[in-house]
Amino acid sequence: MAEVEHIDEIKQYIVAKLGNEQYGIDIAYVDNIVRMQKITRVPKTQPYFLGVINLRGEIIPVMSMRRKLDLEDKEVSNATRIIIIKPEQNALLGLLVDEVREVVTLTEEDVEKVTYENGREDTNFYVTGIGKYKDTLISLINVNGIISD
Amino acid sequence: MDLSQYLEIFIDETKEHLQSLNDQVLIMEQDPDNVDTVNEIFRAAHSLKGMAGTMGFKRMQRLTHDLENVFSEIRNGKMSVTPDIVDIVFKCLDALEGYLANIQESADEGTEDNEEIIHLLNDVLNGMDESGNRPEAKTETTEPEEKPEQAEAAVSDEDKRKFLTLPIADFEKNAMKEALENGMNVYGVTVYIQETCILKAARAFLVFKGIEPLGEVIKSEPSVQDIEDERFDFDFSMFIISEKPLEQIQKVISNVSEIKEVYIEAFSPDQGKTDTKKEAAKEETVAESKQENPKEALSTETKKTTAEAKKKPVVNRSVRVDIEKLDDLMNLVSELIIAKNGLVSASENEEHAQTTQFNEQIEYLERITTNLHESVMKVRMVPIESVVNRFPRMIRDLSKKLNKEMELIMTGEETELDRTVIDEIGDPLMHMLRNAADHGLESTLDRIRVGKPQVGTIRLNAYQDGNNVTIEVSDDGAGINVEKVKASAIQKGNITEEQAEMMSDKEAIDLLFQPAFSTAEKVSDISGRGVGLDVVKSKIEGLGGDVEVNSVLGEGTTFIVRLPLTLAIIQALMVEIQNEKYAIPLNSIVTLEDIPCTDVKLVQNKEVINLRGTVIPLVRLDEILDFEPREEEPENLIVVIVKKGDKQAGLVIDNLIGQQEIVIKPLGKYIYIHKMFSGATILGDGDVALIIDANTLV
C-alpha cells in the first residue's frame, strides 16, 4: 500500500496563463485542449460564460477564466486555448485561457494550501493552493469550486 | 433452474392480467350478473396464479389462489357480488400490484404475507359456506369445462404417440439407419404439457436441455424455433438418437415439472403406423402430483381443435427492445441528420459542387434521413392507453372516498406519444384528475341543489393536433371561482390588492400554477386545490409542452395539456437577428408577415400590430436577446407570428434563413439557461444556434 500513498502525493497540472499569472489545472479533470473556435453567445446567462461551442457534435458551455477571476478581458490571440474539463458531474465544460504552457508534476511538498477566512465570496475560493515550480508560482484551480455557482 | 429470462415476460403479462382484472371488476361492480365478465375475471386470476406458481412466487400464488376461489364461487352462482366483496377484491389487486412492484425491483416478491386480505377473502368464502367445506377442495370440482377423465382415456395411446405420424425426410431416415448400425438407439418421443402451464416454451426448453447431454435431437415437430416462440399447442414430438436406455430419457423428461405425459419408444425408420407392438410408456406420475391445478384435464378433443385453430400465430410478430437501444438508434439518426445538413450547406456554398447529380443525391439523402427518423420515432411511440387505463379504477376509489358520484369518460386512448413522454405524463394527469374529482366536482347534494345531473362527469380526451398531442381533462363541476383565487393570493401575499384589481380572469387562474398555492377551504388527503399544480406545470414544461386552464363558473373546468410528439428532432424556422442565428420551432408558428413600420401602434405603451382584425403584441427579439440597438429602423419589419393556445405574439426578426430539420441538444450543465431557450442545435456549418421557445414570449 505504500506505493499507492506515494502516487497520491504526486499530481500533474496543466499550466495555463492569464496575463502574467500562471494557473494549474489538475490533469485528471482535463479532457482535451482545443484552439479558439466560434463561440455562440447565450443571452441572459452568467456574465462569465462566453457561450457555447460545438465539440464533435456535443454542445459545451465555455467559461472565461479571466471573467471568473475578475480580470480584464483580453483580445483573442493565436495562443488562446479552450481547456475542456470534465468535473465530477461528468458533463464537459470549456475554460478559455490566454495560453497553455506545459504540464508540470508537483509533489505535496511543492504545494502550499490556501485557507479561507473571508468565506466563499473571495475569489481565492477558486484556488486550492499555490504550487512552487522551479522559480515560479502556480495558482492551483479548484475545479469543483469554479463550477459550483 | 434459471427463470430469469422469463421474468420480463412474467412482469409484462402479470401487468396485463392485473389491468384486465381491474377493468373487469369495475364492469362487474356495475353489472354483477354479467357472466362473461365473471368468466374473464376467473380466467385472469387463474392465469396469474399459474404464472406466479411457475416463477416460484409463493405468496403471490397463495393470494391469487384465494382470490380465484372467491371468483369461482361467484361464477357458480353460489355467491353474489356485493360492494364489500368488490372492495376486498380491489384490496387484493392492490396487494398483488405491490408484489409485482417488488418483483420488478428486485426479482423477489418480498416478505409481505397480506394475511389480512387472505383472511378477508376466506371470511367471504366461509360466510357463504357455513358447512365448513374447504374452499380449495371446491375449486377442483367446480370446473364446468372440466371433462370427465373417461373422455381422455377413450383416446387411445396410439393417437397420442404423435411422432408415429410425423413425416420423415430421406436424410433423416439415413441418419437413423446409420445410428442403428452403429449400435445407437433411435427413440420417438411425444411430450404433453399441462394445459394450465403458462410458460410452455420454458418447459419445452427444459425438456430439450435435459435431453441434450444424453443424445441428439434430429427432428422435432414443431421446429425448435417455433417451440421457442411458443408457437405450439400443448404437445410436441421429436426423434432422438442416443446411446442411453429408454428409461433414462423418459425419466429426464418427466422430471420437468408441468409435463403431463411422455410417450417414448424405440423407433425404426421403416416403422409404419401399424406397428403397435412396441411398448408405450405412459407417464402419469407427474400429472398426479400436480393435482392442485384444477384445469389440467381438458379433453383431447378440445386440444385437437384448438391445435388446428392455433396453427397460425394470432398476434403480430414483435420483438421486445430495450429502450436504451432505441435511444442509441435515435442518437445515430440525429448524427446522420446533422451530417446531412452539413452536406446541404456545403452544396450551397461551393460553386463547384453545383452539379445536378450532386444535388439529386443530396435530396435523396434528405428523403432517406427524414424517413429513417420517422420510422425510428414510430418505433418509440406508445399509445397513451398504457398510462390512462389505470384511471377508471382510481376514479372509482375516489368516488367512494369522497362520497361523490362521478364517472370518467375517456376518449382517444389510442393516441400515441413518445415513450419518454409516456413515462413522465402519468403523474401530472393523475394529479389533474384528482383535482377534478376532489375540487372540480361539487358534492352530490350541491349538484342536486343547482339542478345538475347527480353523477358528476370527468372527461379525459386525447388527440393529435399537428406535431402536438393534446390531452384535455375536464369536469362539469363548479368551475374556478376567480375572486376566491385572488383573495387567497392576496392573503398569502403572492399579489397586492392593486394587482388583483388589474388582473384578468385568465391571469388569476394562472396563479393556481404558482408554487404552493392552494385555495382549498378544506384540504383533504387527496389533494388541496392547486397544491401540486406547479409541479404539474413544471413537469409538462420539462417535456417541452404547456398547460392551460379554461374555466366557466358554474359549468366546469378544463385543463388542456399540449405535448410535442417527439422530443429530439423538430422542424424549425431558422432566423437571423443581427448577425446571430436562432431557431424557432415550426409548430408554434402561425404565419410570417411583412409589416411596414408605420403600422406599428402603441397600446398602453406596448407595441402592437393589427393583423387582419386581430391585435397582436410585438416582441422585439433584438431587445430581449440583449443586442445593441440598431442605428436606424428598417422600413419594413419581418414578423413571425407565433401562438400559444389562442394567444398570439409577433416576433420581430431581421432575416429569414429557411425551414430546417433540427436536432435538439441540451446546452450542457453549469451554464444558466434562460427559460426562453429550449435548447440548442448544431447547424450544417458546425455552428451552434439556440432554439427560442416561443411559448415563453407569448
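If I ask for residues that are at pLDDT 85 or above and within 7 Å of another protein chain (Cβ to nearest Cβ), which ones from segment B:675-688 would you list?
B:ALA680, B:ILE682, B:ASP687, B:VAL688
Residues to consider are A:LYS44, A:LYS38, A:LYS17; find the one that is in contact with a strand residue (DSSP E or B) (Cβ under 9 Å, 6 or more places away or on another chain), at pLDDT 90 or above and assigned to a strand (DSSP E or B). Walk me through how you get there before you give the answer.
On the way: A:LYS44 fails: assigned to a strand (DSSP E or B); A:LYS38 fails: assigned to a strand (DSSP E or B).
From the options A:LYS44, A:LYS38, A:LYS17, the qualifying one is A:LYS17.
Can B:ILE480 be described as outside any loop (DSSP other than H, G, I, E, B) and either modelled with pLDDT of 80 or more or surrounded by fewer than 13 Cβ atoms within 10 Å (Cβ to Cβ) (or both)? Steps first, answer last, please.
Working: outside any loop (DSSP other than H, G, I, E, B): no; either modelled with pLDDT of 80 or more or surrounded by fewer than 13 Cβ atoms within 10 Å (Cβ to Cβ) (or both): yes.
Considered against the rule, which asks whether it is outside any loop (DSSP other than H, G, I, E, B) and either modelled with pLDDT of 80 or more or surrounded by fewer than 13 Cβ atoms within 10 Å (Cβ to Cβ) (or both), B:ILE480 comes out as no.
Which condition number does A:TYR13 fail, the rest of (1) of a type in the set (Ser, Thr, Tyr); (2) closer than 28 Å to B:PHE627 by Cβ; (3) more than 14 Å from every other protein chain (Cβ to nearest Cβ) being met?
Of the numbered conditions (1) of a type in the set (Ser, Thr, Tyr); (2) closer than 28 Å to B:PHE627 by Cβ; (3) more than 14 Å from every other protein chain (Cβ to nearest Cβ), the odd one out for A:TYR13 is (2).
Does A:ASP8 count as charged (D, E, K, R) and at pLDDT 90 or above?
Numbers: charged (D, E, K, R): yes; at pLDDT 90 or above: no.
Against the criterion (charged (D, E, K, R) and at pLDDT 90 or above), A:ASP8 does not qualify.
State which residue pairs qualify: first residue assigned by TED's automatic domain parsing to the domain that holds B:ASP233 and inside segment B:194-205, second residue at pLDDT 75 or above and in a helix (DSSP H, G or I) in any location, beta carbons under 6 Å apart, and separation of 6 or more residues or different chains.
B:THR196/B:GLY50; B:CYS197/B:ARG203; B:ILE198/B:GLY50; B:ILE198/B:MET51; B:ILE198/B:THR54; B:LEU199/B:THR54; B:ALA204/B:ILE227
Test B:SER386 against the stated conditions and say whether it is without any contact (Cβ under 8 Å) to a residue 40 or more places away in the chain and over 22 Å from B:LYS15 (Cα atoms). If you could, list the steps in order and put the result at the bottom.
On the way: without any contact (Cβ under 8 Å) to a residue 40 or more places away in the chain: yes; over 22 Å from B:LYS15 (Cα atoms): no.
So B:SER386 fails the test.
Among the residues in segment B:654-662, are any under 15 Å from B:LYS581 (Cα atoms), within 14 Å of another protein chain (Cβ to nearest Cβ) and surrounded by 18 or more Cβ atoms within 10 Å (Cβ to Cβ)? I'd like the intermediate steps shown before the answer.
So in segment B:654-662, the residues under 15 Å from B:LYS581 (Cα atoms) come out as B:654-662.
Subsequent filtering for residues that are within 14 Å of another protein chain (Cβ to nearest Cβ) retains B:662.
Narrowing further to those that are surrounded by 18 or more Cβ atoms within 10 Å (Cβ to Cβ): B:662.
Yes, the conditions are met somewhere in segment B:654-662.
Of the residues in segment B:622-678, how many are within 17 Å of B:PRO585 (Cβ to Cβ) and in contact with a Lys or Arg (Cβ under 7 Å, 6 or more places away or on another chain)?
2
For segment A:103-118, does any single residue satisfy the condition of being touching a Lys or Arg at 6+ places or on another chain (Cβ under 7 Å) and more than 14 Å from chain B (Cβ to nearest Cβ)?
Of the residues in segment A:103-118, the ones touching a Lys or Arg at 6+ places or on another chain (Cβ under 7 Å) are A:106, A:110.
Still in the running and more than 14 Å from chain B (Cβ to nearest Cβ): A:106, A:110.
Checked segment A:103-118: at least one residue is touching a Lys or Arg at 6+ places or on another chain (Cβ under 7 Å) and more than 14 Å from chain B (Cβ to nearest Cβ).
Do you know which residues across segment B:617-634 are within 14 Å of chain A (Cβ to nearest Cβ), under 10 Å from B:LEU651 (Cα atoms) and not hydrophobic (A, V, I, L, M, F, W, C)?
B:ARG620, B:ASP622
The values are calculated or read from the model by the stated rules, or taken from the named source; none is laboratory data. Just so it is clear, the model here is predicted, and its values are computed rather than measured. As a convention, Cβ positions derive from the backbone with ideal geometry for all residues, glycine included, and neighbour counts pool all protein chains shown.
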